[in-house]
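Just below is one structure, and these are the notes that go with it.
Each reported figure results from applying straightforward, stated rules to the coordinates on display, with no laboratory input. Remember, it's a predicted structure, so these values are computed and weren't measured experimentally. Cβ coordinates were reconstructed from backbone atoms using ideal geometry, including for glycine residues, and neighbour counts include every protein chain displayed.
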Amino acid sequence: MNPDTGEILDFVIEARDEAPHTINLVGIESPGLTSALPVARRAVRLLAEREHLTLNKSFNPRRKGIVSFSDKTTEEQADLIAKEPAYGEIVCRCETITRAEILQALNNPLGVDTVMSIKNRTRALMGRCQGGYCQTRIAAIIQEEKQKEPTEILYSRGRSQMFTGWVRV
Ligand SMILES: Cc1cc2nc3c(=O)[nH]c(=O)nc-3n(C[C@H](O)[C@H](O)[C@H](O)COP(=O)(O)OP(=O)(O)OC[C@H]3O[C@@H](n4cnc5c(N)ncnc54)[C@H](O)[C@@H]3O)c2cc1C
């Protein structure tokens, strides 16, 4: 808020003494995406005014995306399956999403482990059956990969536990 006028401000880019090593980016509404790079540059400049930053030469800014099966040609699909057999197992039949794609989403650097996070990253559960076929299968993959109990599987965030005990897939 502007202390003089009381006006609510957007695109606030600030560093505060009470929160060291932190830059606040407040009210980044539209066109926040379009201005992401200049906002990021300003945030780095602001941080560099307060802290000694050293370049991490080994940082790789390129993120490897999930390799989608459904948009490949038949030959490319065969190649994918030959290299990674999990591409041969269709988990979401409506959207043709394979086990390999679910695993890539689960094991990405952010370490997602909810059913919704898999949906957002792969399009599984978004087809006409709305997860009727794949939802419990995805839950089973999360359980297996992340070594969780069925009662720990979350649909989304918070306390959105899906099961009270063992579930037959
Ligand atoms: C419908 C719509 C259309 C838009 N169209 C455009 C457009 O055409 N062009 C344009 O430039 N901009 C557009 N924008 C604006 C743009 O999307 C935003 O400005 C931009 O996404 C803001 O980026 P951000 O990183 O600040 O916040 P966000 O993108 O909102 O990211 C914040 C992240 O923090 C996570 N988070 C929140 N709370 C917590 C917590 N407690 N713990 C952990 N994580 C948390 C959220 O899940 C989210 O992933 C649009 C926005 C909307 C809603």
How far is it, in nm, from the label point at residue 7 to the one at residue 58 when both lie 7 Å from their Cα along the line to the Cβ?
-> 4.8 nm
For labels at residue 93 and residue 25 in the simple 7 Å Cα→Cβ model, what's the distance in nm?
-> 4.2 nm
What's log10 of I(q)/I(0) for the chain at q = 0.10 Å⁻¹, Debye sum over Cα points only, no solvent?
-> -0.61
In segment 121-156, the trypsin sites (Lys or Arg not before Pro) that sit in a DSSP loop and have at most 13 other Cβ atoms within 10 Å of their own Cβ are 128
Rounded to one decimal in nm, the spacing of the 7 Å Cα→Cβ label points at residue 70 and residue 149 is 3.5 nm
Isolated Cys residues of the chain, judged by Cβ distance under 4.7 Å to other cysteines | 94, 129
Of 11, 59, 69, which is the most mobile in a GNM of the chain whose springs link Cα atoms less than 10 angstrom apart?
-> 11
Which value does Rg/Rh take for segment 74-152 over its C-alpha atoms, Rh per Kirkwood?
-> 0.97
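Using a 10 Å cut-off around each Cβ, can you sort 87, 155 from fewest to most neighbouring Cβ atoms?
Least to most surrounded, the residues fall as 155, 87.
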Where is the GNM fluctuation largest for the chain (alpha-carbon springs, 10 angstrom cutoff): 17, 71, 113?
-> 17
Rg [Å, one decimal], Dmax [Å, integer] - segment 100-142, C-alpha atoms = 9.6, 30
